[in-house]
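In what follows, a structure is listed as structure tokens, so that the remarks can point back to it.
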Amino acid sequence: MEFLLDLNTSLEIIAQKLVDKGLMVVTAESCTGGMISTACTDLPGSSKWFDRAFITYSNDAKHEMLGVPMELIEAAGAVSMDVVKSMAKGAYNRAGKGKRIAVAVSGVAGPDGGTEDKPVGTVWFGYAHALGAGAHKLVFGGDRGQVRQQAVVKALELIDSLIVDF
């Protein structure tokens, strides 16, 4: 889908696909701090396809709310494939029964916090659903707000791409 000429129109299309498939969305957000769930719930009627959000900005929250092992966070870092995949699986499992897609994000939005291995703009995206789980990384340019907004758009694109699995 050509995304983001108009975010609301894109979301309306995604929402209709979710409703048609009887799917609900769950989010687990770190660097976006709830922006994905806000974008989703800004759309009227989102209760038909949006289930819940976990805002897990701190490592303790990732562990307590989603069950991400602290050992994993300490070994891989919060901004990593393993942690974001665990976040997505935790969100999916805590959402209960039903057809669901869980999407998770963890990243370095900046302006501080970047390293050589994880520069500012690094965002990991994870997903989990009944057919499996996965993760991928993108590195965005721009300031903190731009990195976070780009992460929201890519998370919505990820949701859209996962609908075809059902």
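So the values come out like this:
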{"read-out": "Verdict on Ser58 being within 23 Å of Val123 (Cβ to Cβ), hydroxyl-bearing (Ser, Thr, Tyr) and surrounded by fewer than 15 Cβ atoms within 10 Å (Cβ to Cβ)", "value": "yes"}
{"read-out": "Selection count, segment 14-34, where residues are more than 15 Å from Gly126 (Cβ to Cβ) and in contact (Cβ under 8 Å) with a residue 24 or more places away in the chain", "value": "10"}
{"read-out": "Filter pass, Ser37 being open to solvent by less than 40 Å² (accessible area, probe 1.4 Å), under 13 Å from Gly126 (Cβ atoms) and either modelled with pLDDT of 95 or more or not basic (Lys, Arg) (or both)", "value": "no"}
{"read-out": "Residues being open to solvent by 30 Å² or more (accessible area, probe 1.4 Å), in contact with a strand residue (DSSP E or B) (Cβ under 7 Å, 6 or more places away or on another chain) and over 27 Å from Gly22 (Cα atoms) - total across segment 130-144", "value": "3"}
{"read-out": "Of all residues making up segment 145-166, the number that are open to solvent by 40 Å² or more (accessible area, probe 1.4 Å) and not charged (D, E, K, R)", "value": "7"}
{"read-out": "Tally, over segment 114-129, of residues that are at pLDDT below 95 and either assigned to a strand (DSSP E or B) or exposed (fewer than 15 other Cβ atoms within 10 Å of the Cβ) (or both)", "value": "3"}
{"read-out": "Qualifying residue in segment 83-96 (condition: within 11 Å of the chain's Cα centre (by Cα) and open to solvent by 10 Å² or more (accessible area, probe 1.4 Å))", "value": "yes"}
{"read-out": "Condition met for Met24 (under 15 Å from the mean Cα position of the chain (by Cα) and farther than 30 Å from Lys118 by Cα)", "value": "yes"}
{"read-out": "Helices (runs of 4 or more DSSP H) wholly inside segment 1-102 containing at least 1 residues that are closer than 20 Å to Glu157 by Cα", "value": "7-21, 35-41, 81-94"}
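The values are calculated or read from the model by the stated rules, or taken from the named source; none is laboratory data. What you see is a predicted model; the values in this text were computed from it and never measured. Note: ideal-geometry Cβ built from the backbone for every residue, glycine included; neighbour counts use all protein chains shown. Ligands, DNA and RNA are excluded from the accessible area calculation, which covers all protein heavy atoms including side chains. Shrake-Rupley method; radii C 1.70, N 1.55, O 1.52, S 1.80 Å.
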